[in-house]
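The values are calculated or read from the model by the stated rules, or taken from the named source; none is laboratory data. In this text the structure is predicted, and so the values were computed from the model without any measurement. Heads up, the Cβs are rebuilt from the backbone with ideal geometry, glycines too, and the neighbour counts pull from every protein chain shown.
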Amino acid sequence: MYPLLENWKPCLVCGSDRLRPLHVYRNKGRLTPEPQLALIGCERCGLAYSVPRPTEEMFAVYYSGGEGWDARASKEESWAEQRHEWYSGLLDLLRPHLELPSDRPPRVLDFGCGAGTWLDVLQDAGWETFGLEPGARLAGIAGRRHEMLDALPSDASFDLAIVHHVLEHLADPLAAARDIAGTIVDGGRLFVSVPDLGRVHLHRKLGYTANELHLVSYTAPGLRSLLGLAGFEIEHVLRAPEFDAFTAGRPLRLRVLARRCGEERLPEQEEPLAEAVESLRALGTIESREARARPAKPAPSPVARTARRRSRAAAALRGLVGGR
Ligand SMILES: [Zn+2]
């Protein structure tokens with residue numbers, strides 16, 4: 001059913017051939033007809049990504065057409081109040097880690113700003129706010145208060161860039177991260193939030209970390225590699241419990257604050273893929289134990305069905321590597 005792993009080499013971020021299959025899962029999305037997708041990982045940089053991918057045309061329709069991503073615009077008003085509260089709390093947590101200019105208002109760019117709620121909070125706090133958003137209706141809402149850009153500027157003028165739940169969606173996250181680096185002043189900061197593959201055994205939302213739209217799955221080492229190759233250095237992995245308050249205590253998200261350092265290099269990390277491998281293995285152990293603890297009969301439980309699916313997925317995984 002699956003093309004051999006060879007077809008997915010080299011790694012889309014670091015160019016290495018040292019890829020390995022991590023997991024096979026049921027495709028619940030609608031863009032591709034594939035019944036299952038495979039999560040593969042790069043042993044050199046620690047990135048993981050799902051294949052096969054939707055085509056660029058499918059993505060363009062999803063993000064820029066009226067029905068996919070942009071359809072969220074109709075829900076934004078009902079979400080606005082809670083989001084405003086979350087982002088205010090996030091800004092309070094980030095503020096001690098930012099170095100801001102004293103002679104002018106700080107400037108922020110939100111890359112993939114949606115309806116601009118994060119920017120609303122920053123503007124209220126005195127920031128000059130700029131947004132980039134592919135969804136036309138969402139951009140229309142954000143544009144009521146913020147300067148909307150059609151493309152990233154080529155000069156460096158922002159003190160902070162926000163990439164909030166965007167990097168997992170991008171077919172070429174390294175190119176985007178490099179372009180964003182070019183817009184940040186020397187010593188400026190980048191805030192990134194992505195679903196956390198490294199804690200999938202704790203939050204147990206594998207479908208949130210890897211799916212047809214979340215093409216790239218990140219652990220802290222994988223994100224460190226990507227940002228290092230784009231000219232950033234991670235200063236803080238923001239994993240304190242107060243950050244998880246925004247997801248009702250579940251450690252769903254990996255949030256980092258990085259500093260633009262200018263030098264593009266793959267940071268030295270020992271076994272950068274280990275966190276993904278170990279977290280997925282721990283998740284499998286937990287789910288198998290739960291499946292075994294269930295009574296053999298009556299009707300199959302969702303957990304047992306999951307276990308059977310995983311067993312089929314394991315067979316597919318063996319197929320992926322050509323029987324090795
Ligand atoms: Zn790689």
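Out of G262, G222, one residue alone is assigned to a loop (DSSP other than H, G, I, E, B), closer than 21 Å to A161 by Cα and in contact (Cβ under 8 Å) with a residue 40 or more places away in the chain. It is G262. Looking at the range 3-16, can you tell me whether even one residue there is at pLDDT 85 or above and away from the ligand (no atom under 16 Å from the Cβ)? No - not one qualifying residue is present in the range 3-16. I need a count of the residues in the range 145-180 that are of a type in the set (D, E, K, R), out of contact with any His (no Cβ under 7 Å at 6 or more places or on another chain) and touching a residue at least 24 places away in the same chain (Cβ under 8 Å). Residues flagged as of a type in the set (D, E, K, R), out of contact with any His (no Cβ under 7 Å at 6 or more places or on another chain) and touching a residue at least 24 places away in the same chain (Cβ under 8 Å) within the range 145-180 amount to 6.
Apart from one condition, V194 fits all of (1) part of a loop (DSSP other than H, G, I, E, B); (2) within 12 Å of the chain's Cα centre (by Cα); the exception is (1). Looking at G89, G131, just one residue is on the phi < 0 side of the Ramachandran plot, touching a residue at least 12 places away in the same chain (Cβ under 8 Å) and touching a Cys at 6+ places or on another chain (Cβ under 6 Å), and that residue is G131. Being out of contact with any Phe, Trp or Tyr (no Cβ under 6 Å at 6 or more places or on another chain), farther than 22 Å from E133 by Cβ and surrounded by 21 or more Cβ atoms within 10 Å (Cβ to Cβ), is that true of even one residue in the range 50-58? Within the range 50-58, one or more residues are out of contact with any Phe, Trp or Tyr (no Cβ under 6 Å at 6 or more places or on another chain), farther than 22 Å from E133 by Cβ and surrounded by 21 or more Cβ atoms within 10 Å (Cβ to Cβ). Listed conditions (1) surrounded by 20 or more Cβ atoms within 10 Å (Cβ to Cβ); (2) more than 23 Å from the chain's Cα centre (by Cα); (3) small (G, A, S) are all met by A115, apart from (2).
Restricting attention to the range 41-52 and to residues that are of a type outside the set (F, W, Y) and within 17 Å of P195 (Cβ to Cβ), the residue that is farthest from the ligand (Cβ to nearest atom) turns out to be S50.
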